[in-house]
């Protein structure tokens, strides 16, 4: 996926459990290997990225992971406080305001404010510059929430533009929305699995993103098995032992039948994705080891 090296903002979403964080970690290492400075931003997640990269826990402050790679596990409240410092130009005043329990209750009740706190912080990191004027990070990868919440997060800047009067919040939302719409500076990556439900959800998600005026830059199908059976072999194996009592010596046939069913479902899912999406899917293989391991992530990074 060479285009990701040219994007400044990469937003990764997809159905829960398909390996979004795994793909984010592999993408980050692949970009670092090309000389890019990369920040991976997690959305208040149950943190597993540190295990994948073989480093210490990643918290709400930006942490250097390895040469050229940083990570942060963003928290909505802390992100709002940081935004308040930028607006009010005073850390003390911002803390006084955002630690007020009435203000905190109000902000939690505002629709979309939590999502904007996270998306806005990730976008803001794309604007950070060093003392010499260069960008602090070449690429910011946002490990966005799963499908439904991910769509809500993508909608927030447009909602702000539609309902919020002129001011700093509207200005920043407009800048973030402009970046998201620009395929040169941003890429929306949808991760899926070669199974029926993730495939259906991915096709629906891509359609919903298109209706918002945005474009899916990449579709990644994660955990694809190598095909070892011909279609006619699959059909024959799926019929074995149907209606028959299973004995102890039938384990090998049962394993073969399960493999045949899985390969058929996978082939049907890949076919549906190819026909139902404008973007041609990219494939990552199913690894024969735990993917939440540094060596596995390095292996996937080479493939990317």
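The values are calculated or read from the model by the stated rules, or taken from the named source; none is laboratory data. Fair warning: this is a prediction, and the values are worked out from it, not measured in the lab. Because the Cβ atoms are built from the backbone with ideal geometry, glycine has one as well, and the counts that use them run over all protein chains shown.
Condition first: modelled with pLDDT of 90 or more and over 27 Å from residue 49 (Cβ atoms). Now tell me which residues in segment 270-304 satisfy that.
270, 271, 272, 274, 275, 276, 277
Residue under question is residue 157, and the condition is that it be buried (at least 23 other Cβ atoms within 10 Å of the Cβ), over 24 Å from residue 28 (Cα atoms) and out of contact with any strand residue (DSSP E or B) (no Cβ under 8 Å at 6 or more places or on another chain); does it hold?
When the stated conditions are applied, residue 157 passes them.
Just need a number here: residues in segment 39-74 that are assigned to a loop (DSSP other than H, G, I, E, B), under 19 Å from the mean Cα position of the chain (by Cα) and surrounded by 14 or more Cβ atoms within 10 Å (Cβ to Cβ).
8
Give the residue that is farthest from residue 168 (Cα to Cα), with candidates limited to residues of segment 96-134 that are modelled with pLDDT of 90 or more and part of a loop (DSSP other than H, G, I, E, B).
Among residues in segment 96-134 that are modelled with pLDDT of 90 or more and part of a loop (DSSP other than H, G, I, E, B), the one farthest from residue 168 (Cα to Cα) is 132.
Against the conditions (1) in contact with a helix residue (DSSP H, G or I) (Cβ under 6 Å, 6 or more places away or on another chain); (2) within 30 Å of residue 50 (Cα to Cα), where does residue 238 fall short? Just the number, please.
For residue 238, the exception is condition (2).
Which condition number does residue 197 fail, the rest of (1) part of a helix (DSSP H, G or I); (2) under 30 Å from residue 66 (Cα atoms); (3) modelled with pLDDT of 95 or more being met?
(2) is the only condition that residue 197 fails.
With respect to residue 224, is the statement that it is in contact with a helix residue (DSSP H, G or I) (Cβ under 7 Å, 6 or more places away or on another chain) and at pLDDT below 95 true?
When the stated conditions are applied, residue 224 does not pass them.
Taking segment 221-253 only, how many residues are part of a helix (DSSP H, G or I) and surrounded by 13 or more Cβ atoms within 10 Å (Cβ to Cβ)?
7
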